Every structure is written in C-alpha cells, then in structure tokens.
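This report concerns only the one structure given below.
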Amino acid sequence: MTHAILIMLTLAACFGIQSLALRAVGGRTAKSESNYFSSLGRIQAGAVGKPEAMLLGSSITGRLPDRAQGFEGFANMGCDGGCAVDTLRAMDRGLLPVAPILLIEANTLQRALDPIPSQVGSAMKRPWFQAGMRIPAISAYARPSAFLYSILLAKKIGGFGDPESADDLRVSSHPVRLTALSATNISPNEQALVGELVPLLQRLQEKGCRIVFVWLPPGRGANSPVPPYIAAMVGQSGCEWWDLGTEADPSLVVLTDGVHMAAPSAARTSRSLKRIFSLPGNTPKDLPESP
C-alpha cells in the first residue's frame, strides 16, 4: 500500500511539474524529439479552444506560426509526413473539432493517393490521442523532451516577428470558386480520392465550415495549371481555391531545404492568410468564379 501511494504521489508531482512548465511556455511546446510526436502535439494543441481557422496540411503547413506564436485565431494542424486529408478524415469521423474556416494545403494532397495511411493519421484514432486533447499534461506536446527540443528549435530558426506587421507575401488576389469540372483525364486513384472527398467536404460545409484550398509557397512555377484532380475536387465540392504560393513575390519566399519555408517567409505567409480571412464580409457568396 505504501509503495502504491508513493507511486501515485510521484505521478501527481510529475503531472504538476508538466502543467507548470506548459504554463511557463505559453500553453504548448513547438517541437518534440521526432516529427511524429511534434505533429501529434501540434494537432492536439490545435484542437484546444475555439480557433477561427485551422490550417490543415503537411510539414509545409506545420512550419507556419499560429496562435502559439501570437498569430491569433489560427490553429496549425500540419501533419509531418502526411497531408490535409488525414485531419479531414478525422474531422468527418468526429475525432477532431472543426473550426469555422478550414484552410487546406493543396501542395501535398497527392500523398493521400497512397493506400497506406500516415502514422499520424492512424494515431488520431487511438484513445491515448483523444485523451491528450482533453488533458494537456498527458499530451504529446507535454512530453519532457519537447521542452528541450522547443528551446533548441527556437535558437535555430529564430522568431517570427510581429504578427501584426504589414510584411506579408504581397499577394493582391483573393480566394475564388472554380468551375465544377468533371473528374476526367485523371488516374483511377485520383478519381477515387475525388469521389471520397467531395461528399466529405460537403458534409463539413453543411456544418457551417468555409473551406479554402490554398497552394502555399513554394509555387508550382509560372503558368502552371491546377492539378486536374484538385480542380475537380474543389469545383465539385463548392469549396474555394487560392493560389497563394504561385502569386507570392518570389523574393519574399526563402526555403531552408527546397520545400519548407524559413521562419520569416512562414510568418509572411501567416500574415497573408490572416489579412485575407480577417476581411469583413468576405464570405463564399461574395467570391468571384474562376474558369
């Protein structure tokens, strides 16, 4: 009995220390010992509270600053090694909450064509992941190693600057509707993905979500068309499209490895998103249609 009490007291002390440590770093850590735990922690933290917009995507999205870095209203749900479809499926199943605005990174949607689900996508179905969304002290972002790795990451990449700064990507365009194209000239796997996601996206919209597919920096290149299966998916579902990456000022997009943005460019991207989706009256019915 004495040993059991001692164990319980030790566990309580550990959870207490973790809770104090989380409070000291603003409620969540930014990095863990692996991309897997970093992604799980990011998604669990994003599910807390009521953000105005959720950013769904891969590690490209995962590099963007959100409310944890002062970019209020945005919750980053980027999934390293996966894509936005992992979180969309979890939302459709009721495993994750849904924000009024869902911003879907289009850059890596092709990963959903792989029949094998990502590790993070599989983990979101497990009870311990669900428990971590409700109890911060047992979440992936409260792992002891995460505090150390977050400090090291901050020293490596630097800060994101003032969230309210006017330093963004200098994009003048807005999200648009795409014509509802038929799913032609695409592969059977792409047709299957369109067939799965169109009704899923419509169900989420019926819950009141505004869904915008965003191509984030880096761009696809000058005059590069929207991939046909993505155009069909966006058009048929009634969602919106915004080619932020291709239209961004190239001089303002600095990459660390050819794919992921450096902190200043990631901050500019979040500011551009914040500027557009903070506009009053900018609702889907007011948007122009793109051919």
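The values are calculated or read from the model by the stated rules, or taken from the named source; none is laboratory data. From a predicted model like this one, the values you see are computed outputs, not experimental measurements. Glycine gets a Cβ as well: all are built from the backbone with ideal geometry, and neighbour counts include every protein chain shown. Accessible surface is based on the protein model in full, side chains and every heavy atom, while ligands, DNA and RNA are left aside. Shrake-Rupley method; radii C 1.70, N 1.55, O 1.52, S 1.80 Å.
On inspection, Ile116 fails the criterion of being among the β-branched types (Val, Ile, Thr) and in contact with a strand residue (DSSP E or B) (Cβ under 9 Å, 6 or more places away or on another chain). Scanning the range 214-248 for residues that are without any contact (Cβ under 8 Å) to a residue 60 or more places away in the chain and on the phi > 0 side of the Ramachandran plot yields Gly221, Asn223.
Each residue in the range 189-236 was checked for being touching a strand residue (DSSP E or B) at 6+ places or on another chain (Cβ under 7 Å) and among the basic types (Lys, Arg), and 1 pass. Sub-7 Å Cβ pairs linking a first residue in the range 92-114 that is more than 17 Å from Ile211 (Cα to Cα) to a second residue that is of a type outside the set (S, T, N, Q) and open to solvent by less than 10 Å² (accessible area, probe 1.4 Å), at least 6 apart or interchain, are Leu95/Met124; Arg111/Gly82; Arg111/Cys83; Ala112/Cys83; Ala112/Val85; Ala112/Leu193; Leu113/Leu193, ordered by first then second residue.
Give the residues of the range 216-232 that are under 19 Å from the mean Cα position of the chain (by Cα) and of a type in the set (A, V, I, L, M), sorted by residue number.
Those that are under 19 Å from the mean Cα position of the chain (by Cα) and of a type in the set (A, V, I, L, M): Leu216, Ile230.
Taking each residue of the range 188-204 that is closer than 16 Å to Leu102 by Cβ and looking for partners that are open to solvent by 50 Å² or more (accessible area, probe 1.4 Å) and assigned to a helix (DSSP H, G or I) with beta-carbon atoms closer than 6 Å, six or more apart or interchain, yields Val198/Gln236.
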